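The values are calculated or read from the model by the stated rules, or taken from the named source; none is laboratory data. Not measured: the values here are computed from a predicted model. Neighbour counts run over all protein chains shown; Cβ positions are idealised from the backbone, glycine included. Accessible surface is based on the protein model in full, side chains and every heavy atom, while ligands, DNA and RNA are left aside. Shrake-Rupley method; radii C 1.70, N 1.55, O 1.52, S 1.80 Å.
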Amino acid sequence: MATSVIQGFTKSLAMTVLSEIGDKTFFAAAIMAMRHPRRLVLSGCLSALIVMTILSALVGWAAPNLISRKWTHHVTTLLFLGFGLWSLWDAFNDEGESEELAEVEAKLDADLKAKKKGSKDGNKVDDDVKKHNRSILLQFLSPIYLKAFSITFFGEWGDKSQLATIGLAADEDPLGVVLGGILGQALCTTAAVLGGRSLASQISEKIVALSGGILFIVFGIQSFLSTVEP
């Protein structure tokens, strides 16, 4: 039992870190952290990622109970190999520019400009006083928290890392997958929030994609060679 949890934990941790670094949600967290209080951005992004990781692991855990374990094992193997080839394709076809960073930044800039048009600058001091007097609960239900949560949650929905987590939870211990995924998400999101745009712009997407592709292929080969328990 302990061995399977550790195996699921290490696989999930490595997969999550290599999948999330340089991802759209990583860039979104970095950019939002430069414009809003870091604790709200970090808590919003992390909350969304934790919920997504748990939901994905639950789907993966339930899959073998709905479909035969043999078929889920084969699907998981194909997922890993497919994502590996996908990541390698991205790595070798990368033009060297951070297109995702520019895309996310442009989208957030557009949202910020639209918000500024309808806002009034005269109440800035009053707003600061109100923010100071808010309770912790109200702060975490603030528009900034909800924006960080929604951008991250819907950005991850259907993403490669979510599908890989589902496949991993179907083949490994779900508890280990959840714990490894949450730790990996926490490390990446914290780095994005604290590092900001300077860190995001220095990341080599080619190296990250190449490393992730190799890791997915290794997982796929390991899954192909492993025996399926009845």
For this session: State whether one or more residues within the range 34-55 are within 19 Å of VAL208 (Cβ to Cβ) and in a helix (DSSP H, G or I).
Result: yes
For this session: Inspect all residues belonging to the range 25-45 and state whether any of them is touching an Asp or Glu at 6+ places or on another chain (Cβ under 9 Å) and either surrounded by fewer than 20 Cβ atoms within 10 Å (Cβ to Cβ) or within 17 Å of ASP171 (Cα to Cα) (or both).
Result: no
For this session: Could you check, for the range 59-76, whether at least one of its residues is in contact with a Cys (Cβ under 6 Å, 6 or more places away or on another chain) and open to solvent by less than 70 Å² (accessible area, probe 1.4 Å)?
Result: no
For this session: Just give me the residues in the range 153-185 being at pLDDT 90 or above, among the hydrophobic types (A, V, I, L, M, F, W, C) and crowded, with 19+ Cβ neighbours inside 10 Å, in sequence order.
Result: VAL177, VAL178, LEU179, ILE182
Problem set entry | Residues (modelled with pLDDT under 85 and open to solvent by less than 10 Å² (accessible area, probe 1.4 Å)) located in the range 139-152 | SER142
Exercise. Looking at the range 7-16, which of its residues are more than 16 Å from the chain's Cα centre (by Cα) and either modelled with pLDDT under 90 or in a loop (DSSP other than H, G, I, E, B) (or both)?
Worked result: GLN7, GLY8
Exercise. Can you find even one residue in the range 19-35 that is in contact with a helix residue (DSSP H, G or I) (Cβ under 8 Å, 6 or more places away or on another chain), modelled with pLDDT under 90 and among the aromatic types (Phe, Trp, Tyr)?
Worked result: yes
Exercise. Among (1) under 24 Å from LEU46 (Cβ atoms); (2) modelled with pLDDT of 80 or more; (3) not aliphatic (A, V, I, L, M), which single condition is PHE224 missing?
Worked result: (1)
For this session: State whether the residues of the range 114-132 include one that is at pLDDT below 80 and either within 25 Å of the chain's Cα centre (by Cα) or open to solvent by less than 40 Å² (accessible area, probe 1.4 Å) (or both).
Result: no
For this session: Could you tell me whether the range 77-91 includes any residue that is part of a helix (DSSP H, G or I), open to solvent by 20 Å² or more (accessible area, probe 1.4 Å), of a type outside the set (A, V, I, L, M, F, W, C) and at pLDDT below 80?
Result: yes
